[in-house]
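Engineer: Got a structure for you, written out below as structure tokens; questions coming shortly.
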Amino acid sequence: MDRYSFSLTTFAPNGKLLQIEHALAAVGNGSTSVGIKAANGVVIATEKKTGSSLIDISSLEHMAMVCESIGMVYSGMGPDFRVLVNSARKMAQQYRRVYMEDPPVRILVKELASVMQEFTQSGGVRPFGVSLLLAGVDERGPSLYQVDPSGSYFPWMATAIGKNMVNSKTFLEKRFNGDMELEDAVHTAILTLKEGFEGQMTENSIDVGIVSAIPSGQSGQSKPAFQRLTSAEIKDYLSNIL
């Protein structure tokens, strides 16, 4: 075993921090998650798999709302995701107390990435074993970001993380169209998950979230809103695809 692989704060001779490499391996062992930015919103989707058929799958949370206009999904270690969700929600509330509105997606991503980066240069800690996809709509329009255990973050038009990342990205490169609407993006996200899905895909085995601008009753203006699709809605999409 390489002696550098046990130290987070010591670079290996090849210039890598091997604990971050190991964290990325944990992400690669996680469930596949997909994100697609459409012309009028963003879709994120993920597999919901358990180690036993006896587990109540409805209790599993692979996707979370950060604030009304932003949602996030992960691949990797679930407990680490819960910690980051709590941090992201606190950041969003702090921003709202000052500015009386939800934070822009890029601001929240930057702050969350800073938290993850701190865990790559401190003794006595380890990197977070998750990669995140954050989807939101702000004054710049729809946004999709990926945040990795190193604290690096990237804006994407469409991407995938997790176990079947490579094949999913190849599929997205063939199917993605920058002009696609939200409905088409949902279909494409489900088809992407299906490419590497083991077993039968049902409404209970995947989770889909969308963020789009919905009309506001009082002002007549559009207000961004994140929502997770219900099992019945996912079943309708699956019936049109499978």
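The values are calculated or read from the model by the stated rules, or taken from the named source; none is laboratory data. Remember, it's a predicted structure, so these values are computed and weren't measured experimentally. The protein model used for the area step is the full one, side chains on, heavy atoms only, and it has no ligands, DNA or RNA in it. Shrake-Rupley method; radii C 1.70, N 1.55, O 1.52, S 1.80 Å.
Engineer: In terms of Cα to Cα distance under 19 Å, which aspartates and glutamates are near enough to residue 194, apart from those fewer than 8 places away along the same chain?
Structural biologist: Partners found: 47, 173, 183, 184, 203, 207, 233, 236.
Engineer: Under a 5 Å amide H to amide H cut-off, with H placed in plane at 1.01 Å, what residues pair with residue 180 once short-range neighbours are removed?
Structural biologist: 39
Engineer: Moving to a separate point now. So, with a 1.4 angstrom probe, what is the percent of accessible area on the chain that is carbon and sulfur? All intermediate terms of the calculation are to be shown ahead of the outcome.
Structural biologist: Working: 6100 of 12370 Å².
Looking at the chain in its full context, I get 49 percent from C and S.
Engineer: Let me ask something else about it. Would you list the P(r) distribution for the chain, with all Cα-Cα distances sorted into 10 Å bins from 0 and each bin expressed as a whole %?
Structural biologist: Reading the bins upward from 0: 8, 31, 35, 20, 6, 1, 0.
Engineer: Determine the per residue accessible area of the chain with all protein chains present and a 1.4 angstrom probe, expressed in square angstrom.
Structural biologist: Numbers: 12370 Å² over 242 residues.
Counting only protein heavy atoms, the per-residue value for the chain is 51 Å².
Engineer: Please list the non-local residues whose amide H lies under 5 Å from the amide H of residue 48, H modeled 1.01 Å from N, same-chain partners needing a gap of 5 or more.
Structural biologist: The list, which skips near neighbours in sequence, is 206, 207.
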